[in-house]
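The values are calculated or read from the model by the stated rules, or taken from the named source; none is laboratory data. Since this is a predicted model, take the numbers as computed values, not measurements. Glycine also receives a Cβ, built like all others from the backbone with ideal geometry; neighbour counts cover every protein chain displayed. Quick note on the areas: whole protein, heavy atoms, side chains included, nothing else; ligands and nucleic acids left out. Shrake-Rupley method; radii C 1.70, N 1.55, O 1.52, S 1.80 Å.
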Amino acid sequence: MAPKLAVFKLASCDGCQLTLLDCEDELLALAGQVEIAHFLEASSDVRPGPYDLALVEGSVTTAEDAERVRAIRAASRHLVTIGACATAGGIQALRNFADVDEYRRTVYARPEYVSTLATSTPVSDHVHVDFELRGCPVDRRQLLEVITAFLAGRKPDVPDHSVCFECKRRGTVCVTVAHGTPCLGPVTQAGCGALCPAFRRGCFGCFGPSGSVNLPAQIRLLRRDGLDEDAVQRFLHTFNAAAFDEELRT
């Protein structure tokens, strides 16, 4: 019997699921080896669990999300979270640093109809997660590696070193050293192929903190490169705001 694969969405933009769909030829080959039992982005054909592998995109932002992710965990042998929303709360975790009721009143004409939690949290805050795949969105090569690794019963080969390693491997000149451009590459996990520095732009931290982070030293570099305190906070408070904030507090 073919292993069952399921893909679920919580609060997110669907970008990580689209990354899986963009795999095209690889996805067709994968579909021949597994039973895709639940993937609403691709098909309305839904089959019940239990699932051998569940991929979850999106953060927990409502009580219903929290209840749903517990049900997914109970129905899944392995649960892997994909993307910054699922692994760190995502861009919507900016609510964690503000008054969510004020946001609700400002954005919605009838805020009384909007039910939401005061925080946006990663799936791992609510259930056990077998693996977290970072990125906004995730890298297609890493995503395929994680899926095939779990289906084959081995550990995924996903690095936890910084983006700086990727710059060196592709021969990209350091934008901070050469141009004084603010860059989060030294504290951000690799996975994107150092895309932004390749175009002379600083890393924005899409993949979250790397395995070895010296954030105080990074902040000193950002200030040296012309960012004041407010600008530093804005730079850190993007795709992985909650994850970088946690690093600052540890």
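Here Lys168 is the anchor, and the lysines within straight C-alpha reach of less than 29 Å, apart from those fewer than 8 places off in the same chain, are Lys155. The antiparallel fraction among DSSP beta bridges confined to the stretch 4-152 stands at about 10%.
Estimated from helices alone, the mean residue ellipticity of the chain at 222 nm is -10500 deg cm²/dmol (sum of -39500 (n - 2.57) over DSSP H runs with n ≥ 4, per residue). Think of the stretch 163-249 as having a plus end and a minus end, set by charges on the Cβ of Lys, Arg, Asp and Glu; of Gly171, Thr181, Ala241, Gly171 sits farthest toward the positive end of this dipole. Along the charge dipole of the chain, pointing to its positive end and built from +1/-1 on Cβ of Lys, Arg, Asp and Glu, which listed residue (Pro137, Leu21, Leu221) has its Cα farthest out? Result: Leu221, furthest along the dipole toward the positive end. In the chain, the DSSP beta bridges split such that about 20 percent are antiparallel, to the nearest 5. Summed over the residues of the stretch 163-249 and divided among them, the accessible surface reaches 51 Å² per residue at a probe radius of 1.4 Å.
For the stretch 101-250, the relative contact order comes to 19 percent (Cα pairs under 8 Å, sequence separation of at least 6).
Other residues within the sphere of radius under 14 Å centred on the Cβ of Phe150, judged by their own Cβ, net out at -1 (K and R +1, D and E -1). Highest mean packing comes first when the peptides 168-175, 3-10 are listed by Cβ atoms within 10 Å, giving 3-10, 168-175. Judged by the ratio a/c of the largest to the smallest principal axis of the C-alpha gyration tensor, the chain counts as oblate, that ratio being 1.5 or greater while a/b is no larger than b/c.
Assuming a ≥ b ≥ c are the square roots of the Cα gyration tensor eigenvalues, decide whether the stretch 53-187 counts as rounded (a/c under 1.5), prolate (otherwise, with a/b larger than b/c) or oblate. Cα axes put the stretch 53-187 in the oblate bin. The order of the peptides 200-209, 127-136, 215-224 by mean Cβ neighbours within 10 Å, most packed first, is 200-209, 127-136, 215-224. Near the amide H of Ala190, within less than 5 Å, lie the amide hydrogens of His161, Ser162, Val163, all on another chain or at least 5 residues away, with H placed in the peptide plane. The peptide list 148-157, 12-21, put in order of mean Cβ contacts within 10 Å with the highest first, becomes 12-21, 148-157.
Relative to the Cα centre, the charge distribution of the stretch 208-250, modelled as +1 at Lys and Arg Cβ and -1 at Asp and Glu Cβ, gives a dipole magnitude of about 140 debye. Overall, the accessible surface of the chain at a probe of 1.4 angstrom is composed of carbon and sulfur to the extent of 53 percent. Put a plus charge on the Cβ of each Lys and Arg, a minus charge on the Cβ of each Asp and Glu, and nothing anywhere else: the dipole of the chain about its Cα centre is then about 540 debye. For Ala217, the shell of other residues with beta-carbons less than 14 Å away shows a net charge of +1, using +1 for Lys and Arg and -1 for Asp and Glu. Here the stretch 22-36 and the stretch 87-158 have alpha carbon centers that stand 24 Å from each other.
Note: relative contact order over the chain, using C-alpha pairs below 8 Å and six or more positions apart, is 18 percent.
Taken one residue at a time, the phi angles of the stretch 194-210 give Karplus couplings (6.51, -1.76, 1.60, θ = phi - 60°) of 6, 4, 5, x, 5, 10, 6, 10, x, 5, 9, x, 4, 9, x, x, 7 Hz. Gly and Pro are set to x. Computed from backbone phi, the HN-Hα couplings of the stretch 51-60 come to 10, 6, 9, 10, 9, 10, 9, x, 9, 8 Hz, rounded to whole numbers (Karplus: 6.51 cos²θ - 1.76 cosθ + 1.60, θ = phi - 60°; Gly and Pro given as x).
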